[in-house]
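**Q** Quick one: the structure is below, and I'll ask about it shortly.
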């Protein structure tokens, strides 16, 4: 179905559809656009345009709390992405290729972190860390919530997302390619290294990008498992919004927006390599 | 990842069995780091929250892991909490319905464009889908604020300022804004896969344009609608960020209420019980979706993959493909 | 085939997938340098047999030897065989050259030896100049050549081909049939190929093994298989035929269930139930009453006529049975529907098949 499909819609209906589509696009983009525009507002009053200025970016980036939050966010995102890429890919391979005891249980469990709401995941982990610390503290060390608990929590949900994306890729994997490699004298490891891994790599990379995005996006879970000094950027923004809207927030938001868009374009470029549009959305 | 078969050169069930055992061990080894991680950081917390939901809250707001009771579950029956759950369900339903109504024609339009246009439009949908959710909610907050740009515009046009923020309307707008793309993407997938010759056949068989849509297109894209509804309903029901930023005291939803139990109110057992309830509700919704989705085009994607050694034992039907 | 060492020797091999018996106690010897076809409908176990020779599936029971060496449980990377896969299974992330080099590199061959052998293989399948392309930039026929080169470059003792021409269109398929035969003569090694296309098997192979439901029903030259099918299934599966129910009257005669007594060689004892296979193109159509002295005949009436261009097919009702008669190279249609005719054939044209 590559051409324009005219299936029996009247001209008025077709025009109505087009108008509607652009209204929806406006709905999706206008708020973001306004936010970005006002981040360059020279006036400190949020509703009055006072000329173009980078002032708020400067102020935001001079704010130690914000720079520290950015650093925490980046560290957590990188660590959780790398770890979950490795663990998630291994789980995906095991589930796709092997039968072993506990496979069914794992297959069911690995999807749960995706399904359950953030807030429940957040309180679960909060309770878990509270209990774990109580237990560990009885041996001496005094543990508190911090950057490591945030990273550990992010890995917990990112494994699942990476696993799902990689499995979607494995689903379409032509197993005869591996048989061909083995027929051509490759050992099991060589087959994995030379054939399987290169072919699932786009899936692994897409999973990694998704993990990175989700980690940088997360507010709720981070808010519950971070301690003083380990505030992530979204948690900082979230608590600031509750106190009120400032032009500084617009500036930070615009930066976050730019980062997300860079990630989207990156992942689209990755998937473009072979997947059709429908596969892209299926992966999500 | 072929198994290392170094069995003696006589064929036989024993050698086959040994290879299968080796493969099982290899699979277990591969899965175990991730599985262990999920066990510690997901399954154990899930168990703990369930345990907590039966615990006692002491007068100082601490949680005593003794005196097990179902008080917290009984408390869910309180008028206030029932009201909160009802409001959450209502707002989530409203959001879902609005997303279908807004999203279906939108997805239809995109899916019926020529291929190159479609690719561009799809990217335009993907960008908000992947964009930081908090920033997008903040954008709505900023736009709708009583001293924000929208209000300023309406004032300068002589309509006066408007107060929409901190109302259920604002929360609904925010949720639709946040989750609309979750609806559009599965709808798009279903519509894009649609075999339009079926609609043409309906037209050929004397159906009007509208009839063809209701009788053919809509039923055939049902799986996309159902999937989209689950993808929207589940996060809106448990939403915490949107109502927290856009809602006021009158729009307290279950997500915020749970958060409150773990923060200011310090009633962890009640929060735990509500979390368990929420998780169960979500699992039911997802299970229902999977059941209704199977058999339809994207839900029923065949799971049987290409044949390969080792899996044949458990999947005889796909093993032989001469 | 037993005097010399067989290229592939399969002895009592059975393959079960759980409860399903995919291959049921097969014995087969394929000679050195032979072009052998495994033929059968889908699901008959032919691909599984091929995969067991390749080492991609392991036999549940039985022994498998390649040039006298036991390989039953050896992994594929330790067998002197290579496979051309059904959909070619070319590595999509590698160029043509990298695909062809793969097996050699895995065995540690590099340097000038590698280059020489790759050049030789690409030349042999006429792919020179395409080495740097990727599989998705090639046509179906070219992909097929890459798959062949990738296997042959390893100088296997046996080349296995799984439906090698199945993915090509008719014209290309016929071209490739000739080319594969020529290639086999050139390299002189044993080719074992799997197909469900009986014409392809007849046209290409020196010998054919017909399989059904996991069993090997008959092994023979194309002529033997076509003219002297060993069973009703083989007769019916290879080409078109008329199957007439009958019983053995004496050593040289068979009585059809319709009553007619015909001359035919039967190997089973008197009174046993048999089927008579009559190829539509081996029988003649004559006006009633002009039966030939030699051979046998059946009287009937023309029921239907189908014009095929190069042939005309008559459907003749002979009592309760219907017989298909194929007439080629005749100008005009000498018979019309309703004509009283006699279906006649030479002694030896009818094959008696045990039940």
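The values are calculated or read from the model by the stated rules, or taken from the named source; none is laboratory data. Source: prediction; values computed, not measured. Because the Cβ atoms are built from the backbone with ideal geometry, glycine has one as well, and the counts that use them run over all protein chains shown.
**Q** Picking from C:104, C:127, C:64, which residue would you name as being more than 11 Å from every other protein chain (Cβ to nearest Cβ) and either surrounded by fewer than 23 Cβ atoms within 10 Å (Cβ to Cβ) or touching a strand residue (DSSP E or B) at 6+ places or on another chain (Cβ under 6 Å) (or both)?
**A** C:127
**Q** If you take the residues in the range C:131-156 that are in contact (Cβ under 8 Å) with a residue 40 or more places away in the chain and part of a loop (DSSP other than H, G, I, E, B), which one is nearest to residue C:81 (Cα to Cα)?
**A** Among residues in the range C:131-156 that are in contact (Cβ under 8 Å) with a residue 40 or more places away in the chain and part of a loop (DSSP other than H, G, I, E, B), the one nearest to residue C:81 (Cα to Cα) is C:156.
**Q** Considering only residues of the range C:31-61 that are assigned to a strand (DSSP E or B) and in contact with a helix residue (DSSP H, G or I) (Cβ under 9 Å, 6 or more places away or on another chain), which is nearest to residue C:238 (Cα to Cα)?
**A** In the first step, residues of the range C:31-61 are kept if they are assigned to a strand (DSSP E or B); the result is C:35-39, C:61.
Keeping just the survivors that are in contact with a helix residue (DSSP H, G or I) (Cβ under 9 Å, 6 or more places away or on another chain) gives C:35, C:37-39, C:61.
On the way: C:35: 18, C:37: 13, C:38: 13, C:39: 9, C:61: 30 Å.
Only one residue fits best here, namely C:39.
**Q** Still on this model: Here are the criteria: (1) closer than 22 Å to residue B:191 by Cα; (2) within 11 Å of another protein chain (Cβ to nearest Cβ). Tell me which single one residue B:226 does not satisfy.
**A** Residue B:226 satisfies every listed condition except (2).
**Q** Would you check if residue C:209 is under 30 Å from residue C:263 (Cα atoms) and free of Cβ contacts under 8 Å to residues at least 60 places away in the same chain?
**A** No, not satisfied.
**Q** Sticking with this structure for a sec: Please give the strands (runs of 3 or more DSSP E) falling wholly within the range C:240-355 in which 1 or more residues are within 30 Å of the chain's Cα centre (by Cα) and farther than 28 Å from residue C:217 by Cβ.
**A** Per the criteria, C:283-287, C:296-307, C:311-318, C:321-328, C:340-345.
**Q** If you check B:184, B:216, B:242, B:171, which single one turns out to be assigned to a helix (DSSP H, G or I) and more than 29 Å from residue A:223 (Cβ to Cβ)?
**A** B:216
**Q** Right, here's the next one. Give the residues of the range B:47-65 that are over 16 Å from residue A:130 (Cβ atoms) and surrounded by fewer than 12 Cβ atoms within 10 Å (Cβ to Cβ), sorted by residue number.
**A** B:59
**Q** Within the range B:182-199, is there a residue that is over 25 Å from residue B:168 (Cβ atoms), more than 11 Å from chain A (Cβ to nearest Cβ) and crowded, with 24+ Cβ neighbours inside 10 Å?
**A** No; the residues of the range B:182-199 include none that is over 25 Å from residue B:168 (Cβ atoms), more than 11 Å from chain A (Cβ to nearest Cβ) and crowded, with 24+ Cβ neighbours inside 10 Å.
**Q** Among the residues that make up the range B:60-81, is at least one of them more than 10 Å from chain A (Cβ to nearest Cβ), closer than 27 Å to residue B:251 by Cα and over 29 Å from the mean Cα position of the chain (by Cα)?
**A** Just the residues of the range B:60-81 that are more than 10 Å from chain A (Cβ to nearest Cβ), to begin with: B:60-62, B:64, B:66-81.
Filter once more, so that each one left must be closer than 27 Å to residue B:251 by Cα: B:61, B:71-81.
Subsequent filtering for residues that are over 29 Å from the mean Cα position of the chain (by Cα) retains B:61, B:71.
Yes, some residue in the range B:60-81 is more than 10 Å from chain A (Cβ to nearest Cβ), closer than 27 Å to residue B:251 by Cα and over 29 Å from the mean Cα position of the chain (by Cα).
**Q** How many residues are surrounded by fewer than 23 Cβ atoms within 10 Å (Cβ to Cβ) and in contact (Cβ under 8 Å) with a residue 24 or more places away in the chain if we restrict to the range A:105-117?
**A** So the answer is 4.
**Q** Go through the range B:126-150 residue by residue and tally those that are touching a helix residue (DSSP H, G or I) at 6+ places or on another chain (Cβ under 8 Å), surrounded by fewer than 22 Cβ atoms within 10 Å (Cβ to Cβ) and more than 7 Å from chain A (Cβ to nearest Cβ).
**A** 2
**Q** Right, next: So, of the residues in the range A:47-100 that are touching a helix residue (DSSP H, G or I) at 6+ places or on another chain (Cβ under 6 Å) and not in a helix (DSSP H, G or I), which turns out to be nearest to the other protein chains (Cβ to nearest Cβ)?
**A** A:98
**Q** Sticking with this one: Consider residue B:121 carefully, then state whether it is in a helix (DSSP H, G or I), modelled with pLDDT under 95, under 19 Å from residue A:17 (Cβ atoms) and in contact with a helix residue (DSSP H, G or I) (Cβ under 6 Å, 6 or more places away or on another chain).
**A** Judged against the criteria, residue B:121 is a match.
**Q** Could you tell me which residue of the range C:6-50 is nearest to residue C:200 (Cα to Cα), considering only residues that are within 8 Å of another protein chain (Cβ to nearest Cβ) and surrounded by 24 or more Cβ atoms within 10 Å (Cβ to Cβ)?
**A** It comes out as C:40.
**Q** Sticking with this one: So is residue B:162 more than 10 Å from every other protein chain (Cβ to nearest Cβ), buried (at least 17 other Cβ atoms within 10 Å of the Cβ) and more than 25 Å from residue A:216 (Cβ to Cβ) or not?
**A** no
**Q** Could you please let me know if residue A:26 is within 29 Å of residue B:187 (Cβ to Cβ) and either in contact (Cβ under 8 Å) with a residue 12 or more places away in the chain or loosely packed, with under 15 Cβ neighbours inside 10 Å (or both)?
**A** On the way: within 29 Å of residue B:187 (Cβ to Cβ): yes; either in contact (Cβ under 8 Å) with a residue 12 or more places away in the chain or loosely packed, with under 15 Cβ neighbours inside 10 Å (or both): yes.
For residue A:26, the condition - within 29 Å of residue B:187 (Cβ to Cβ) and either in contact (Cβ under 8 Å) with a residue 12 or more places away in the chain or loosely packed, with under 15 Cβ neighbours inside 10 Å (or both) - is met.
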